[in-house]
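The block underneath contains the structure these notes are about, expressed in structure tokens.
Throughout, read-outs are computed from the coordinates displayed, never taken from laboratory work. Just so you know, these numbers come straight off a predicted model, no measurement behind them. No Cβ is skipped: glycine too gets one built from the backbone with ideal geometry, and neighbour counts run over all protein chains shown.
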Amino acid sequence: MQVFSPNILKTFEECQKKYEFRYIQKLNVPQLAGIYEKGKKIHALAHYYLRGDNIEKFIPTLTEEEKHIWNLLLNNKYFQMKYVNSEYNLTSRLGEFWIGGRLDAFMKDNNDYYILDYKTGAIPKNPQEDFQTMIYLICANEILKKGWGNNFNLSFVYIDLKNNQNHLITFDSDKNEHYKEILSLTCTKITTTKSYSKNLSRCKFCEYNKFCNH
Ligand code: SF4
């Protein structure tokens, strides 16, 4: 069963050739560790902390910048809410397709539920219509509906740790239908595309630059 994740959809939209390299040919190109190192450490630390592990031994391994980011997250009002789950894999059926992804954290305040996504880099340019926002909200809504009927509120929060800001997107049923439409169209496009086009405007920072005769 193929599960369409936000990364699969984003890659396809960005450059179909890149999608072919990454997901059809399964070509993995090592990337500079430094680019993602900071984000990975903060995400791992947050997960251990939320599930109740003792994280004291990890703190001295953080750089000064990472300690600062970690403290911003610790003091974030959404991160301080009641813990439901973290590094949480969710999937949902969407017509003939499956969509899914892994939430950084799922928190609650009474009947208000929040999907948290920590960003140490930039948040999406259009967070309302980002594939990650759409997929996570649809999947979390499905799970909550099973337990609570309609007796809950759901939001997605991008925690922008670079600028110490929160960007909140509230879920509603109209938005849900709109999201489903966009995702279905994109999944259909992916499964019916036979020849993958190149987006030459994205080559400069593409890890497949050396393989691709662009
Ligand atoms: S080098 Fe350019 S055309 Fe080739 S896969 Fe990357 S972005 Fe696409």
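Determine if the range 137-145 includes at least one residue that is away from the ligand (no atom under 16 Å from the Cβ), loosely packed, with under 13 Cβ neighbours inside 10 Å and either in contact (Cβ under 8 Å) with a residue 60 or more places away in the chain or over 20 Å from residue 75 (Cα atoms) (or both).
So in the range 137-145, the residues away from the ligand (no atom under 16 Å from the Cβ) come out as 137-145.
Next, from what is left, pick out any that are loosely packed, with under 13 Cβ neighbours inside 10 Å: none.
Within the range 137-145, none of the residues are away from the ligand (no atom under 16 Å from the Cβ), loosely packed, with under 13 Cβ neighbours inside 10 Å and either in contact (Cβ under 8 Å) with a residue 60 or more places away in the chain or over 20 Å from residue 75 (Cα atoms) (or both).
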Residues that are farther than 28 Å from residue 136 by Cα and either assigned to a helix (DSSP H, G or I) or under 21 Å from the mean Cα position of the chain (by Cα) (or both), drawn from the range 201-214: 201
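Listed here are the residues, each with its yes/no results for (1) among the charged types (D, E, K, R); (2) at positive phi; (3) part of a helix (DSSP H, G or I).
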| residue | (1), (2), (3) |
| --- | --- |
| 13 | yes, no, yes |
| 28 | no, no, no |
| 37 | yes, no, yes |
| 46 | no, no, yes |
Subset tally (residues that are closer than 21 Å to residue 70 by Cα and in contact (Cβ under 8 Å) with a residue 40 or more places away in the chain) for the range 96-136: 12
Those residues of the range 1-17 which are surrounded by 21 or more Cβ atoms within 10 Å (Cβ to Cβ) and either more than 14 Å from residue 183 (Cβ to Cβ) or touching a strand residue (DSSP E or B) at 6+ places or on another chain (Cβ under 6 Å) (or both), in sequence order: 4, 15, 17
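If you go through the range 178-195 one residue at a time, how many are surrounded by fewer than 13 Cβ atoms within 10 Å (Cβ to Cβ), more than 16 Å from the ligand (Cβ to nearest atom) and either small (Gly, Ala, Ser) or in a loop (DSSP other than H, G, I, E, B) (or both)? Spell out the reasoning first.
In the first step, residues of the range 178-195 are kept if they are surrounded by fewer than 13 Cβ atoms within 10 Å (Cβ to Cβ); the result is 181, 185, 191-192, 194-195.
Subset that is more than 16 Å from the ligand (Cβ to nearest atom): 181, 185, 191-192, 194.
Checking which are either small (Gly, Ala, Ser) or in a loop (DSSP other than H, G, I, E, B) (or both) leaves us with 194.
Final tally of qualifying residues: 1.
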Residue match in the range 11-30 (condition: touching a residue at least 24 places away in the same chain (Cβ under 8 Å) and more than 16 Å from the ligand (Cβ to nearest atom)): no
Pick from the range 201-212, criterion within 8 Å of the ligand (Cβ to nearest atom) and under 15 Å from residue 27 (Cα atoms), ranking: surrounded by the most Cβ atoms within 10 Å (Cβ to Cβ): 206
For residue 198: the one exception among (1) more than 16 Å from the ligand (Cβ to nearest atom); (2) assigned to a loop (DSSP other than H, G, I, E, B); (3) in contact (Cβ under 8 Å) with a residue 12 or more places away in the chain: (1)
